[in-house]
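Have a look at the structure below, then the notes.
The values are calculated or read from the model by the stated rules, or taken from the named source; none is laboratory data. Source: prediction; values computed, not measured. Cβ placement follows ideal geometry from the backbone for every residue including glycine, while neighbour counts extend to all protein chains displayed. For accessibility, only protein heavy atoms count, side chains too; no ligands or nucleic acids. Shrake-Rupley method; radii C 1.70, N 1.55, O 1.52, S 1.80 Å.
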Amino acid sequence: MFAVYYIPFRVNCMRPILVVLVFCLLVSLLAAPLAAPAVTQSVNYAEEVKTIQEDARVKAAFDHIDTDRDAILREWIAITEINAPSKQEQERARYIESLLRKHNLDIRYDAAGNLIATRKGTAGRPVTVFDAHMDTVFQPGLKIKATVREGRVHAPGVGDDTRNIEALLATIRALDAANIKTKGDLVFLFTTDEEAGMSGAKHYTKENKGKVDYYIALDGGYEGFTYAGIGINWYRHHFIGPGGHTRSRTPPYSGSLPLARAIARIYELKVPTNPSSNLNIGMLGGSEVVNAKASDAWFTVDLRSTSNEVIADLEKQIAAILEEEAKREGVTVKTDIISSSPAAVLPGNRESHLVKMAEAVHRAMGFNPPIGNAGSNNSSAALLQGISSISTGAGPCNDAHALTENCEIEPLYKGIKKILLLEIALAGLSQ
Ligand SMILES: [Zn+2]
């Protein structure tokens, strides 16, 4: 009885205290900065990977990759020859989908056109996503014909990022052939529009935040990996003036004059190497015809740094130069932001389970992996959503983004084994 009376009384005066407690809890959860899940117990990563490598099923999967070599090369070329400019990846996606449908996978597309194939684990978690982007930088309508010579395959897009698409498909075949079951789910994610702003990965990571434990963006690289992303800002700066005919006497001159002066001064700016930073002026434009002054003279700037402070500082210095040169010629300046992706640094990620396991897998495959913080790919989208992430690749290639792009063939088979081992090490072998 006593108890009953006591509880209601107690409850009333407890209510405000409870409300405050719940409020504090909520604030601390919301205020907690995004951070990589810390390594909870001391894991001997090298030992763990060695045990996996010695498992008969894993050996069988590796053997399957060796017997699958010709099919891998044929399929790699077939996918490469389907041109897939950013935002126009549908034809390539359908072809990849037709290959995935031969396996026991949950296959769907999301609103961004990403093709998602989940290989269910026996325990569901952890959920590990392996991403290869489907798009390339090449123009619509480009006829792509791959050629193989001296151990290399030559074709636009063969490396970035088609070699990694093929690597994922080959690992799925090897997992099935060796009848490997994992504890966690493996999500094979074929993303859209990486090259023009990572919109596919941004959509997927935002929509699946909290459901993904590890995100591996397969893009550049082979022997090593990155655990953080470089900030990338793209601008188009315009000098706007009255224009006019070449013979017109009235100043101001063509917008190209302040443009030329501004570019010369921008290239005088000190761009630090530590933190790793880059500045490039790639595209330019002016009047449509020779005998006209440019009423809109423009140029693009690609500004990158692993430090957002460096980007902000250079951005400010460039803006000051633009203003001064515009004023000097009595024209105006206008800046468009083409795309902006901040440096992606997730506190604790360098020491995370994912990074330690990735390092152990690379070493177990015989690499002495360079581990960098300046990735510029879909991994940044995941890190900015607070998802532990790295980026690496399945093979060495040259001339990315050029028509002369080409990749060594032999190393890809080792690269595929590396990715297979990483899949199993992160998802966990199930009995
Ligand atoms: Zn790429």
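Comparing mean-square fluctuations of Leu346, Leu303, Leu269 from a GNM of the chain with C-alpha springs under 10 Å, the top value falls on Leu269.
Counting Lys and Arg as +1 and Asp and Glu as -1, each charge on the Cβ, what is the dipole of segment 232-341 about the Cα centre in debye, to the nearest 20?
Using only the charged Cβ atoms, the result is roughly 380 debye.
Ordering Gly243, Trp298, Val271 by the projection of their Cα atoms onto the charge dipole of segment 232-341, which places +1 on the Cβ of Lys and Arg and -1 on the Cβ of Asp and Glu, puts Gly243 at the extreme positive end. In the elastic network of the chain, a GNM with C-alpha springs shorter than 10 Å, the most mobile of Tyr413, Tyr109, Tyr215 is Tyr109. About its Cα centre, the dipole of the chain is roughly 820 debye, where the only charges are +1 on Lys and Arg Cβ and -1 on Asp and Glu Cβ.
Each semi-axis of the equivalent ellipsoid for the chain is √(5λ) with λ an eigenvalue of the Cα gyration tensor; in descending order they amount to 44, 34, 19 Å.
Can you give me the % of accessible surface on segment 102-196 that is carbon or sulfur? Probe 1.4 Å, all protein chains present, nothing else counted.
Its accessible area is 52 percent carbon and sulfur atoms.
The figure for Leu284 is an accessible area of roughly 110 square angstrom, using a 1.4 Å probe on the protein chains alone. The convex hull of the Cα atoms of segment 232-341, projected and averaged over all directions, covers 6.6 nm².
By the scheme Lys and Arg +1, Asp and Glu -1, what is the net charge of all other residues having a beta-carbon under 13 Å from that of Phe62? For residues surrounding Phe62, the net value is +1. Compute the acute angle (0 to 90°) between the alpha-carbon long axis of helix 2-31 and the principal axis of greatest extent of the alpha-carbon atoms of the chain; round to the nearest 10°. Helix 2-31 sits at roughly 40 degrees to that axis. Rounded, prolate or oblate: which fits segment 388-431, taking a ≥ b ≥ c as square roots of the Cα gyration tensor eigenvalues, rounded meaning a/c under 1.5, else prolate when a/b beats b/c? Oblate is the answer for segment 388-431, as a/c is 1.5 or above yet b/c matches or exceeds a/b.
Our Cα-only numbers for segment 79-194 put the radius of gyration and Dmax at 14.9, 45 Å. By the rule of a C-alpha distance below 14 Å, with chain neighbours fewer than 8 residues away ignored, the aspartates and glutamates paired with Lys145 are Glu75, Glu81, Glu405. Per residue, the accessible area of the chain comes to 48 Å², computed with a 1.4 Å probe over protein heavy atoms only. Rounded, prolate or oblate: which fits segment 141-211, taking a ≥ b ≥ c as square roots of the Cα gyration tensor eigenvalues, rounded meaning a/c under 1.5, else prolate when a/b beats b/c? Oblate, since a/c reaches 1.5 and b/c is not below a/b. Note on the chain: GNM, Cα springs under 10 Å; of Pro242, Pro369, Pro156, the largest mean-square fluctuation is that of Pro242. Each part gets one Cα centre, and for segment 193-222 versus segment 361-427 those centres are 14 Å apart.
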